[in-house]
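The values are calculated or read from the model by the stated rules, or taken from the named source; none is laboratory data. For clarity, every value in this text was computed on a predicted model and none was experimentally measured. Ideal geometry is used to build each Cβ from the backbone, glycine not excepted, and the neighbour counts take in all protein chains shown.
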Amino acid sequence: MTKLLKFLSLPILFVALSLSITGCSGGSSRSATTNGGGSTTQTPAPAVTGVSPASVPAGSEAFTLTVTGSNFQPQSAIKWNSTALTTTYGNATTLTATVPANLAASTLVANVTVANPDGQVSVGGSSSQQVLVTNPKPTLTGITPNSLYAGSADTTFTLTGANFSSLSVVASGTTSLATTLVGSTQLTAVAPAALLASVGTLSLTVSNPAPGGGSSQSVAVSLLQHPAELDSLAPSTVPLSNSPQTVTLSGSYFTPTTVVYASGTALSTHFISTTSIQFTVPASLISYTTGTIPIAVVDSASGVKGDNTVTLPIVNPVPVLNSLSAMAVTAGAPDFLLVLNGSNFLQSSTILINGTAVQPFSTGQLSAVATVTVPASVLSTVGPVTIAVSNPAPGGGTSQAQTLNVISASNRVRTVNVAAADLGWDSVHNVLVASTLSSSTNNPNSIVTIDPLQGTVIASQTLPSQPAGISVTSDGTYIYATLPSTGQIERLILPSLTPDITFALGEGANGVMNTTAAVTAAPGKPHTVAVSLHTGDTNPESAVGGVAVYDDGISRAAIVGPPAYPNVYDTLVWGKDSTTLYGTDSAYSGGPEDVFSVTASGITLAQTYTGALGDFVKHLAYDPSTGNLIDGYGHILNAATGQSMGLLQVQNTLSNGQNPFALDTAQRVGFYVNVNSSYSSNPAPNGEYIQAFGLDRFNYINSMLVEGLEGASTIVRWGASGLAANGASQVYLIDGSFVTPTGVTSAVGGFVAPSPTLALVTPVSVAVGSADTQVTLTGRDFTQSSQVTWNNQNLLIDSISDTQMVVTIPAAALGQPVASLLAVSNGPGTGSSNSIGFTVVPNLGANAQMQVLNVSGNDLAWDAARNLLYVSVPAGDPISPNTIAVIDPVAAAVRQMIPVADQPSTIALSDDGSYLYAGFSGQAIVQQYSLPSFSLSLTIPMGAGATGTVGTQGSCAFPAAMKVAPGNPQTIAVSEGIANVEPNGCLLAIYDNATARPNTLSYYTSGVEFSSLAWGADANTLYGQVQNGISPQEIYSVTVSPSGVSPANGLNSGGFGLQVHFDPGTKLLYSDSGVITNPVGPVQVGKFDSGQGVLVATDSALKRAFVLTSSSTVGINNSGQGANSYTLNIYDLNTQALLKTIAIPDVLGAPVRLVRWGTKGLVFVTSNWPSEGTTVGALYILQGSDISGTP
């Protein structure tokens, strides 16, 4: 029974096993099964038909693997490749097993088989029997760092996420990064600097390779702008400046959009590199004061500010000294203002003079100009003086020094500390003699002798009261001194000053004591003096005076005095000997010259020439070489006749309108004390000038400023080359070449330079737009300290000697038409030279040309036969005074200068060209010159019909206007007047050669006067007009006959104008005012509508009229010193229609005459009229088809 049960049970177990395992369809393995009958049954082998999942990502966690197939048994085991897995039997067709994570850690193809307990194993190898372990798709969730500065170096990033493996690769775009696996959730990757260079984002992804694999989503890393880091500035400081300054900033992380800020203000910035930028600091930030400026940067694109700031200090600049306004001064010069030119001068600058700091007189902040007072103490000796500029810290420094050379001069000045009333020269003992005032600090109320070479007092003699006028005898025996308060004269013996005699001047007829201030010793007679007597008052204006002659204190019997002669004399001069004495009334006007005859019995009044001298004359001298008298006004007259011989161009600027002077008759020079340096105004800043004039040519020579000299009332010549003048408290002694060109200078005293004198300038003009132009100045007394000015600017001196300088006028100053004055100064302590014009000639167009000559004039004449112009050149001309200039207008050249008498005024040419007549305002004559030789053929004394003394400077006898009769070359009409008075035609006369026709026309009987004349169609009719500057004046007609002139007939037509013109073609009269008159009517028949005309010229052949008009509205007007603008209007002579207008800007002087010349020429001359503000004149020559109207 037991066996049966066992047997019966076996099939049951077998069946159970058979149902538990499903075989693999692809396998052939079988199991043998024994049945109950003893036979063996083969069980089918397991077969795998599918696996699930068919794939898993590598690195997955343990997972359940489901295997489907057949013939699985309860004990069947799933194998993962060769590894048996713990298997769970589902049924014969399904098994499950857990695959541990380590078996799927990396990619592989896992063959899945099933092994039954009987050892049968399924056949594997097909894809359905395999599990593919693939790479997972990574997940990226974060990156550290998630931002950094653009431009960073290679940077390692930490990436977090999932499904990372050793095969994972981090990438930016197509660029793979070096990647390191930290864990399945973390990687590290290195980004090279190239990927980090620019601001923006860096996108990173993680990729796993196939099988499986893939790329994660991208995660961005922000690449931020790195804040700039500022290191240093170059330069490290900037100076105070009016100009922008460029600075280089070094640092890091600069970009092209980096902007520099200074004190919050954005600056102009230039990117150089990431480590260097440049910026410009505007002048507005650095032109005021020192300090510091904070410098910061901002990236304008990102707005990122710099990491730090730096400080830019503003410091004082180093001054630059380029030049000095004077490179040399004369030793002994006074304190003077020196102008320094350069840059970087500050209000805190100091001027170093020979190393000593001096505060500048004036300067601005960051100025190019500073002025400083150079003290006289550093100018006392010859040698260099260094000038530099110093600026204080911070920064600052000292400029390069310039040298101011203190030079010697050929003249010296010394002072003697005595206040003198009068001076005299003892040529025998070579000493000066002075009478001293009671106010004198030294030797008051005395007579002193002075060694003029040493400037020391030799001897002194005190007098009972204050002396006044003195006189030294010609033989050096005595000195006579007046004692006005006691009415006495003291005589002392020279040179000891031993008192000799004292004599009283007695009483006048009224019983009042006579007193005097003037005594003069007779020439060759040391015991004889002439004395001017004041009776009743020492004040000459309320005194009654006379003249007496004393011999050793005894009065000669005959005295000129009240009541017969009430004149008061402050000065008396002897003539050529002791028989003639001259004087004039110093208390009243009228300017008489009184001639006294002196005999053994006394003195008598021989002659009075009223109006011969100036008014209130206090200074009078006799010239023994010529027999002329000269007064303090510069009047020179023939002492014997009272007739005027000329007038020195002295400006009467001292007390009572006259000037003390001294004569050097050997050199023919007069030395006048004046407050001006020349006949052109140039006031002395501190002192008075001594002017030198030629006694024969009446010309200005030069001048010298004597610093400190004030109130001079007397001046004397002493020694070979000396002058002495009394000041308020000192006597000034001057010697050297100024007095005598070859004179010897004392070794004592300070140096003094005379004012230079200009005699010639070449060229005198250039065309507008010219290049740099060299101009040669010729003259005298130039020194190394000379400076040249033109048009208010100093000119560069190229070379210099004592007689010539070459200067350059820069092209920049020649770009516009301008006429101005060249003048030279020898630096501080000297006066300016006379002035000569230099003109930048305007372009008048293609059909008109203008040339300028430095020839001033009072009148013009055109010689058609010889194609020459003649100009009367006045005494005030700086180049050729008192001449007739002969001009070739085609060549614009001076052909000849003919010396003539003083102050040539009017000239006239005979219509046959045989004679030129010249009238003068310095002498009452007309001179006739034969042409072409210019030989003087006749001198015609004026004054026909005049009353009183003819020829004195106050007589009506000086030619004011003159014309030669048509067809009568030896007949002239002359309007005569008082010298230097306008209108000045008080007498009209006709002269045939030197003979006046008897009938004249006097202003005093007719009330008619003429300043211009014009003959009519023949020698029978004369026209005249006067310009009084107040109201329109009539034109008069005068009939001329062999007996002279008849009373004038007014034509009731006039207008302002200096001249009247008769045109023989139209037979009409043309006034400079533009009025046209038919003398036959008479009626005004027209007027040139040109405003206020100045000058008129007509040409009936051309049928044109030319009117020069003053213009203040000329289009081009850049007037220089002393220049005015004019307009030349050209009219149709018949219709008065305006044909052409030519602007003539910048004319020097006052136009006085306008004439036609040649076929296409016009010329006008200007004169130097100081009263009108013009100091030089010129000749303006125009030509061209615009003038003629024909090509």
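Checked against (1) farther than 25 Å from L705 by Cα; (2) in contact with a strand residue (DSSP E or B) (Cβ under 7 Å, 6 or more places away or on another chain); (3) surrounded by fewer than 24 Cβ atoms within 10 Å (Cβ to Cβ), A819 meets all criteria but (3). Restricting attention to the range 449-472, the residues that are touching a Leu at 6+ places or on another chain (Cβ under 8 Å), in a loop (DSSP other than H, G, I, E, B) and closer than 23 Å to A518 by Cα total 6.
Yes or no: the range 543-562 includes at least one residue that is of a type outside the set (G, A, S), in a loop (DSSP other than H, G, I, E, B) and at pLDDT below 80. Reasoning before the result, please.
Applying the first criterion (of a type outside the set (G, A, S)) to the range 543-562 yields 544, 547, 549-552, 554, 556, 559-560, 562.
If we keep only those that are in a loop (DSSP other than H, G, I, E, B) too, we end up with 552, 556, 559, 562.
Subset that is at pLDDT below 80: 562.
Yes: one or more hits.
In the range 146-175, which residues are closer than 30 Å to E61 by Cα, surrounded by fewer than 16 Cβ atoms within 10 Å (Cβ to Cβ) and either modelled with pLDDT of 95 or more or touching a helix residue (DSSP H, G or I) at 6+ places or on another chain (Cβ under 9 Å) (or both)? Residues satisfying the conditions are T156, T158.
Being crowded, with 24+ Cβ neighbours inside 10 Å and over 30 Å from T608 (Cα atoms) narrows it down to one of A957, A979, A973, so name that one. Spell out how you get there, then give the answer.
Details: A957 fails: over 30 Å from T608 (Cα atoms); A979 fails: over 30 Å from T608 (Cα atoms).
That would be A973, the only listed residue that is crowded, with 24+ Cβ neighbours inside 10 Å and over 30 Å from T608 (Cα atoms).
Going by the conditions given, is G342 in a loop (DSSP other than H, G, I, E, B) and within 29 Å of the chain's Cα centre (by Cα)? When the stated conditions are applied, G342 does not pass them.
Of the set (1) modelled with pLDDT under 90; (2) in contact with a Lys or Arg (Cβ under 7 Å, 6 or more places away or on another chain); (3) surrounded by fewer than 21 Cβ atoms within 10 Å (Cβ to Cβ), all apply to P685 but (2). Listed conditions (1) assigned to a loop (DSSP other than H, G, I, E, B); (2) at pLDDT 95 or above are all met by A918, apart from (1). With respect to the conditions (1) modelled with pLDDT under 90; (2) hydrophobic (A, V, I, L, M, F, W, C); (3) under 29 Å from V169 (Cα atoms), V123 falls short on a single one, namely (3).
Among the listed residues V855, V824, which satisfies the condition of being closer than 16 Å to L758 by Cα, assigned by TED's automatic domain parsing to the domain that holds V764 and aliphatic (A, V, I, L, M)?
On the way: V855 fails: assigned by TED's automatic domain parsing to the domain that holds V764.
Being closer than 16 Å to L758 by Cα, assigned by TED's automatic domain parsing to the domain that holds V764 and aliphatic (A, V, I, L, M) holds for just one of V855, V824, which is V824.
Looking at the range 293-306 only, could you name the residues that are exposed (fewer than 14 other Cβ atoms within 10 Å of the Cβ) and either modelled with pLDDT under 95 or under 11 Å from A228 (Cα atoms) (or both)? Hits for the range 293-306 are A301, G303.
Suppose the filter is modelled with pLDDT of 90 or more and surrounded by 15 or more Cβ atoms within 10 Å (Cβ to Cβ); does T96 pass it? Break it down stepwise before answering.
Details: modelled with pLDDT of 90 or more: yes; surrounded by 15 or more Cβ atoms within 10 Å (Cβ to Cβ): yes.
For T96, the condition - modelled with pLDDT of 90 or more and surrounded by 15 or more Cβ atoms within 10 Å (Cβ to Cβ) - is met.
Would you confirm whether any residue within the range 892-900 is within 24 Å of A759 (Cα to Cα), surrounded by 24 or more Cβ atoms within 10 Å (Cβ to Cβ), out of contact with any Gly (no Cβ under 7 Å at 6 or more places or on another chain) and of a type outside the set (S, T, Y)? No, the range 892-900 has no match at all.
Determine, yes or no, whether P495 is in contact (Cβ under 8 Å) with a residue 60 or more places away in the chain, part of a loop (DSSP other than H, G, I, E, B) and of a type outside the set (A, V, I, L, M).
Working: in contact (Cβ under 8 Å) with a residue 60 or more places away in the chain: yes; part of a loop (DSSP other than H, G, I, E, B): yes; of a type outside the set (A, V, I, L, M): yes.
Answer is yes for this residue.
Among the residues of the range 335-361, those identified as surrounded by 15 or more Cβ atoms within 10 Å (Cβ to Cβ) and either free of Cβ contacts under 8 Å to residues at least 24 places away in the same chain or aromatic (F, W, Y) (or both) are F336, F345, V358, P360.
I'd like to check something: does the range 990-998 contain any residue that is under 15 Å from T906 (Cα atoms), surrounded by fewer than 20 Cβ atoms within 10 Å (Cβ to Cβ) and assigned by TED's automatic domain parsing to the domain that holds Y917?
Pass one, the range 990-998, residues under 15 Å from T906 (Cα atoms): none.
Among the residues of the range 990-998, not one is under 15 Å from T906 (Cα atoms), surrounded by fewer than 20 Cβ atoms within 10 Å (Cβ to Cβ) and assigned by TED's automatic domain parsing to the domain that holds Y917, which makes the answer no.
May I ask you to list the residues in the range 281-316 that are among the polar types (S, T, N, Q) and either closer than 14 Å to Q245 by Cα or not in a loop (DSSP other than H, G, I, E, B) (or both)?
Step one: filter the range 281-316 for residues among the polar types (S, T, N, Q), giving 284, 287, 289-290, 292, 300, 302, 308-309, 311, 316.
S284, S287, T292, T311, N316, listed by residue number.
Among the residues making up the range 999-1024, those that are loosely packed, with under 13 Cβ neighbours inside 10 Å and not polar (S, T, N, Q) are Y1004, G1007, A1017, D1018.
Of the residues L796, L760, only one is touching a residue at least 60 places away in the same chain (Cβ under 8 Å), surrounded by fewer than 16 Cβ atoms within 10 Å (Cβ to Cβ) and over 30 Å from T441 (Cα atoms); which? Write out each step before concluding.
On the way: L796 fails: touching a residue at least 60 places away in the same chain (Cβ under 8 Å).
Going through L796, L760 in turn, the sole match is L760.
Which residues, counting only those in the range 498-518, are among the β-branched types (V, I, T), in a strand (DSSP E or B) and surrounded by fewer than 23 Cβ atoms within 10 Å (Cβ to Cβ)? Within the range 498-518, T498, I501, T502 qualify. Residues satisfying the criterion are present in the range 469-492 (criterion: touching a Pro at 6+ places or on another chain (Cβ under 6 Å), touching a residue at least 24 places away in the same chain (Cβ under 8 Å), acidic (D, E) and farther than 22 Å from T535 by Cα). Is it true that I940 is part of a strand (DSSP E or B) and under 23 Å from I1181 (Cα atoms)? Here the answer is no, as I940 does not meet what is asked. Condition first: more than 49 Å from the chain's Cα centre (by Cα), assigned to a strand (DSSP E or B) and modelled with pLDDT under 95. Now tell me which residues in the range 1000-1020 satisfy that. Once the filter is applied, which keeps residues that are more than 49 Å from the chain's Cα centre (by Cα), assigned to a strand (DSSP E or B) and modelled with pLDDT under 95, the range 1000-1020 yields L1001, S1002. Within the range 191-213, the residues that satisfy the criterion of being farther than 11 Å from L159 by Cα and either buried (at least 16 other Cβ atoms within 10 Å of the Cβ) or among the β-branched types (V, I, T) (or both) are A191, L195, L196, V199, T201, L202, S207, N208, G212, G213.
Residues in the range 799-816 that are crowded, with 18+ Cβ neighbours inside 10 Å, in a strand (DSSP E or B) and either within 17 Å of the chain's Cα centre (by Cα) or in contact (Cβ under 8 Å) with a residue 60 or more places away in the chain (or both): V807, I809.
Given the structure, is T535 modelled with pLDDT under 95 and surrounded by fewer than 20 Cβ atoms within 10 Å (Cβ to Cβ)? No.
Restricted to the range 48-74, and to residues there that are modelled with pLDDT of 90 or more, in contact with a helix residue (DSSP H, G or I) (Cβ under 9 Å, 6 or more places away or on another chain) and assigned to a strand (DSSP E or B), the residue that is nearest to A101 (Cα to Cα) is F63.
The numbered conditions (1) at pLDDT 90 or above; (2) of a type in the set (G, A, S); (3) crowded, with 21+ Cβ neighbours inside 10 Å are all true for G332 except (1). Of the strands (runs of 3 or more DSSP E) lying entirely inside the range 585-630, none contains at least 2 residues that are touching a helix residue (DSSP H, G or I) at 6+ places or on another chain (Cβ under 7 Å), of a type in the set (G, A, S) and at pLDDT below 85.
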